[in-house]
Amino acid sequence: MKGITLSLMAAAGLFFSAYGGLPVQDMSPTSLALDYSGLWRGEKITKQKVPGHENVQLLNLHYSPVPYCAFSLGLGAARYSVDTVRQTQFKGTYNFSPSLGITLFSPFLLKKILRFTAGAKAYYLYTRNRDRSYLYSGSFMTPGGGVLVSLGEYVDFGLGVRGQLISGRMQKGREPALDFSNSQTMRTYFTAMIHSPSEGAYFLIDFDASPKIDLDWSNGPAESSIGISVGIILRSSKEKIKPKTMDYPMQRELEKKLEDMEKELR
């Protein structure tokens, strides 16, 4: 329990989110965002640089008290697997996994096209194999930052750099636990998001890779990751945003002519 408490404290101590995966411009202090996120990520761990693979499935709740900051809390399940080393392979089962995150945004620049973003997200992993002979646990943290480019009201692209910091422990049976971490701690990321300001729905896809990316994904992403998020912004009935109508040239003049024709028909 002491190890779990220390790991959760380390996760809660982070104050930046690298993803920018939330349409914070569509939110208000009285709204909440709820989404499902799935993450499949691979990295090489220990001195032997053995490939490890994360599989994380979360339900996340987001709150943005101001347009420049958003907090997130996630609950779900995660598991970990490790490729064969010394004739031993580890494939963990799903166990409860909490996550925390915060994202910071700059004001819009260049006529609402460009923003800077920074932050971090962390989750706690605790997974055993089916016969419970091996245990992997620890905190997985991703701080970083980059830029967001908005193409109109509905599409955002993100590009930046994030760290991947693993503070883990592995244990076989009753033997003393051993620490493990990842060898490559810096990655470049790219995100693409489609969102509807009026409906509050959004969809995000996230990809990152370290300089040592491996294109062999037969066991999952290798020194890289792929993630998706699908969500909705929950608003009160008073806060519903009406879709914007297109303001065509001479629109007012045409509307006036229609009004005059209706009067003549009367």
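Values in this text are rule-based calculations from the coordinates and carry no lab data. Keep in mind that this is a model prediction, so the values were computed, not measured. So basically every Cβ, Gly included, is an ideal-geometry build from the backbone, and we count neighbours across all protein chains shown.
Full extension of the chain between TYR63 and GLN48 yields a length gain of 1.3 nm, computed as 0.36 nm times the residue separation minus the alpha carbon distance. Summary of the geometry: the range 198-218 and the range 67-116, compared by the centres of their Cα atoms, lie 11 Å apart.
If you take the alpha carbon atoms of the range 106-210 and fit the smallest convex hull around them, that volume is 119 Å³ per residue. Across the range 69-76, computed HN-Hα scalar couplings (Karplus, 6.51 cos²θ - 1.76 cosθ + 1.60, θ = phi - 60°) run 7, 9, 9, 9, 10, x, 9, x Hz from first to last residue, x flagging Gly and Pro. Here the Karplus relation 6.51 cos²θ - 1.76 cosθ + 1.60, evaluated at θ = phi - 60°, turns the backbone of the range 149-160 into coupling constants of 10, 9, 9, x, 8, 10, 10, 10, 10, x, 8, x Hz, with x for every Gly and Pro. Find how much the distance from ILE228 to LEU114 grows on full extension, using 0.36 nm per residue of separation minus their present alpha carbon separation; answer in nm with one decimal. The ILE228-LEU114 span can extend by a further 38.8 nm. If R0 equals 22 Å, the separation of the Cβ atoms of VAL161 and LEU73 corresponds to a calculated FRET efficiency of about 0.30. Measuring r between the beta carbons of TYR154 and GLN89 and using R0 = 41 Å, the FRET efficiency lands at 0.40. For the pair GLU175 and ILE205 in one chain, pulling the backbone fully straight at 0.36 nm per residue adds 6.7 nm over the alpha carbon distance.
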